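Structure record follows, encoded as structure tokens.
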Amino acid sequence: MTNKLKVGIVGAPRGQSFVRSFQAIEETDVTAICDLNIDTAERVANQFNIDQRYSDFGKMIQSDLDIIVVSTPMPLHAPQSTSALQEGKHVISGVPAATDLQQCWKLAQAVEDGKNKYMMAENYVYMKPNILIRELAKQGLFGDIYFGEGQYIHELKAFNEITRWRRKWQTGRNGCTYPTHSLGPVLQWFEDRVSTVSCFGSGHHYKDQSGRQYENEDTITMICKTTRGGLIEIRVDMLSDRPHNLNYYSLQGTKGCYEAARGLGDQPKIWLEEYSDQAVWQPLSDFEGQYMPEIWRNPPQEALQAGHGGGDYFEVREFFDSIINDTKSPIDIYESLDMTVPGLVSEVSINRDSISVEVPDFRSIKNFPEDLPKILQNSESISWN
Ligand SMILES: NC(=O)c1ccc[n+]([C@@H]2O[C@H](COP(=O)([O-])OP(=O)(O)OC[C@H]3O[C@@H](n4cnc5c(N)ncnc54)[C@H](O)[C@@H]3O)[C@@H](O)[C@H]2O)c1
């Protein structure tokens with residue numbers, strides 16, 4: 001195919017996963033890679049036969065690229081996405097979409113002012129069990145859904161010392177600083193957004209390599225109420241010494257419930273009243289034959305080999321499809337903010353004795369910051385440096 005869409009990627013280390021996924025799509029060409037560290041850009045470019053190498057993001061987005069992938073540290077996601085949108089590019093950005101409310105506002109404005117697509121690359125929503133649960137929820141098999149859980153338990157203390165930005169942006173502030181992998185899938189199952197959050201911490205039991213206490217408490221629990229009265233509990237822990245469990249979820253409705261696997265041979269399990277009037281677990285896999293959506297029925301080899309349970313491939317594939325078919329972005333700007341903003345607001349809650357704080361819906365913010373809930377105006381979550 002001629003006229004392939006040209007892709008440029010900023011942030012070479014994580015960018016490699018996006019290179020592989022875009023190279024698996026026949027109609028796209030990864031033609032540019034950018035990293036502040038030009039040696040890293042050169043190394044990845046040589047490995048994947050990418051022609052153009054940049055250390056200056058501003059220069060890369062002025063070239064004739066169609067899609068920009070933002071895979072740099074967290075505080076750069078929104079500013080770089082905003083600049084690329086303003087240059088008329090489609091943008092797929094790392095998670096979370098932004099690190100403060102002002103960034104959210106500018107990003108939403110850039111999407112509204114242009115014609116291009118924006119997606120937050122929330123890969124956990126594409127994991128096989130999560131896609132199946134989304135379909136079962138959509139078909140009403142859980143009945144009225146009223147409770148859900150998501151947990152991201154991933155000890156990253158050593159990694160904080162290597163990728164220093166994590167020490168500031170994930171463990172150097174208190175609150176639910178990395179919520180989207182846990183909240184994203186659950187919000188899609190609820191088909192709702194969070195209206196208020198209260199955030200709690202378990203205290204401080206670890207110090208970093210220089211002997212400094214982490215600002216983030218060890219385990220953070222963010223209690224979310226949804227606009228229809230549902231309850232979602234998010235646990236994020238990047239500090240506690242323990243084995244990982246990055247993708248535990250549960251769901252409860254009036255006609256069924258679900259619990260993800262916990263490890264040691266456990267498997268995802270479900271009970272649906274429609275299939276059993278006895279309240280007994282069944283393996284989730286029993287429902288794949290009848291209900292699994294097409295994307296996971298005959299997944300291409302690229303999906304099976306991609307990181308994060310195939311999510312790294314499917315997010316890119318669906319984003320590309322939305323561009324060529326001019327359909328809604330799979331996780332559009334407002335859904336991205338629905339997954340991101342509760343975490344930002346959780347910082348205001350945890351710093352004020354865990355009070356319940358309203359989560360703004362950027363769909364209805366027309367003047368910033370005047371339209372924000374009072375408690376957020378001039379709060380620490382407006383602008384974080
Ligand atoms: N979705 C997932 O499952 C997942 C997994 C891993 C990482 N990530 C995300 O990927 C992103 C990068 O993480 P990482 O572990 O690769 O971090 P990293 O520190 O290893 O890499 C970041 C790179 O960005 C470059 N960079 C920094 N500022 C830049 C700028 N202004 N212009 C160009 N390049 C710049 C750095 O030189 C570095 O090479 C983060 O947002 C992280 O959360 C997501």
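What follows draws every value from the coordinates through simple rules; no lab data is involved. Source: prediction; values computed, not measured. Using ideal geometry, Cβ is built from the backbone for each residue, glycine included, and neighbour counts are taken over all protein chains shown.
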Measure out, as a whole number of angstrom, how far apart the alpha-carbon centroids of the range 302-334 and the range 26-59 sit.
21 Å
Where Cα atoms sit under 26 Å apart: lysine pairs in the range 125-300 separated by 8 or more or lying on different chains:
12
log₁₀ I(q)/I(0) of the range 125-300 at q = 0.10, 0.11, 0.15 Å⁻¹, via Debye over equal Cα point scatterers, no solvent, to two decimals?
-0.44, -0.53, -0.88
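Could you work out the local net charge near Ser55, counting Lys and Arg as +1, Asp and Glu as -1, over the other residues with Cβ closer than 14 Å to its Cβ? Walk me through the intermediate numbers first.
Values: positive: Arg43, Arg53, Lys59; negative: Asp35, Asp39, Glu42, Asp56.
Residues close to Ser55 contribute a combined charge of -1.
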Sparse-neighbourhood loop hits (GluC sites (Glu not before Pro), the range 86-193; DSSP loop; Cβ within 10 Å at most 14 others) -> Glu191
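Please figure out what share of the DSSP beta bridges in the chain is antiparallel and state it in percent, rounded to the nearest 5. It would help to have the intermediate numbers written out before the result.
Values: 33 of 60 bridges.
Rounded to the nearest five, the antiparallel share is 55 percent.
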Is the range 164-268 best put as rounded, prolate or oblate by its Cα gyration tensor, with a ≥ b ≥ c the root eigenvalues, rounded for a/c under 1.5, and otherwise prolate when a/b is larger than b/c, oblate when not?
oblate
Sketch the reach of a paramagnetic label on Asp208 as a point 7 Å from Cα along Cα-to-Cβ, and name the residues of the range 219-260 whose backbone nitrogen lies under 19 Å away.
219-220, 237-241
For the range 340-385 and the range 265-280, what is the centre-to-centre distance using only Cα atoms, to the nearest Å?
39 Å
For the chain, what is the Kirkwood estimate of the hydrodynamic radius, computed as the reciprocal of the mean inverse distance between distinct Cα atoms, to one decimal in Å?
21.5 Å
